[in-house]
Amino acid sequence: MELCPCVKNILLLDFEGKRVAAKYFCDDWPTNGAKEAFEKAVFNKTQKTNARSEVEVTMLENNIVVYKFVQDLHFFVTGGEEENEVILATVLQGFVDAVGLLLRGNVEKREALEYLDLILLCIDEIVDGGIILETDANVIAGKVASHSTVAEGLSEQTFSQALATAREHLARSLLK
């Protein structure tokens, strides 16, 4: 048993089971076809449940899957069978709440696709390489918002200014 709880994947599917966003942190599903098959299996197993008010838990292929539905989106976090369901549920709730904050409460597929970059940044702030970094939705949304503000500022710069800024950031990171 590992000392640190790990997440195998974070999935965001639409109401038909199609992928909106997904990030895998292990090699249990080595091909895109295997990933799609797992996503379909998760969706089929959970679609008849009503996981709108609370996080639900199920077992699938020796994995613990925690999930919650919001509007037309289905949020999933998967961990190994030895993982703690409460920790996985905390990760899921942090993800759901952070997405809700970033989308200003308008948690639906169209909005999620429009702000997919923020959702992917959100996943990156929550988990890195399977290791849980953060579960507080306010902290996650704050970090994602600060990243997107920096990105918007860069888009307003000329190419030479952006290149100079990138050099500056690189130089600072090398000095650390």
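The values are calculated or read from the model by the stated rules, or taken from the named source; none is laboratory data. Please read these numbers as outputs of a predicted model, since none were measured by experiment. Here the Cβ positions follow ideal geometry from the backbone for every residue, glycine too, while neighbour counts run over all protein chains shown. Protein only, heavy atoms only, side chains kept; ligands, DNA and RNA dropped before computing areas. Shrake-Rupley method; radii C 1.70, N 1.55, O 1.52, S 1.80 Å.
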Subset of the range 72-101, residues of a type in the set (Asp, Glu), in contact with a helix residue (DSSP H, G or I) (Cβ under 8 Å, 6 or more places away or on another chain) and part of a helix (DSSP H, G or I), comes to ASP97
Answer yes or no as to whether PHE95 is within 29 Å of LEU11 (Cα to Cα) and either modelled with pLDDT under 90 or not small (Gly, Ala, Ser) (or both).
yes
Can you find a residue that is in a strand (DSSP E or B), under 15 Å from LEU88 (Cα atoms) and out of contact with any His (no Cβ under 7 Å at 6 or more places or on another chain) anywhere in the range 37-54?
no
Reported set for the range 37-89 where residues are within 17 Å of the chain's Cα centre (by Cα), among the small types (Gly, Ala, Ser) and open to solvent by 20 Å² or more (accessible area, probe 1.4 Å) is ALA89
Every residue in the range 1-12 that is in contact with a helix residue (DSSP H, G or I) (Cβ under 7 Å, 6 or more places away or on another chain) and either open to solvent by 40 Å² or more (accessible area, probe 1.4 Å) or part of a loop (DSSP other than H, G, I, E, B) (or both), please.
PRO5, VAL7
Whichever residue in the range 13-31 is touching a His at 6+ places or on another chain (Cβ under 8 Å) and in a strand (DSSP E or B) and, among such residues, is surrounded by the fewest Cβ atoms within 10 Å (Cβ to Cβ)
ASP14
Residue check for ALA34: at pLDDT 95 or above and either out of contact with any Gly (no Cβ under 9 Å at 6 or more places or on another chain) or open to solvent by less than 40 Å² (accessible area, probe 1.4 Å) (or both)
yes
Criterion violated by VAL107 - all others in (1) touching a residue at least 60 places away in the same chain (Cβ under 8 Å); (2) open to solvent by less than 30 Å² (accessible area, probe 1.4 Å); (3) not aromatic (Phe, Trp, Tyr) satisfied:
(1)
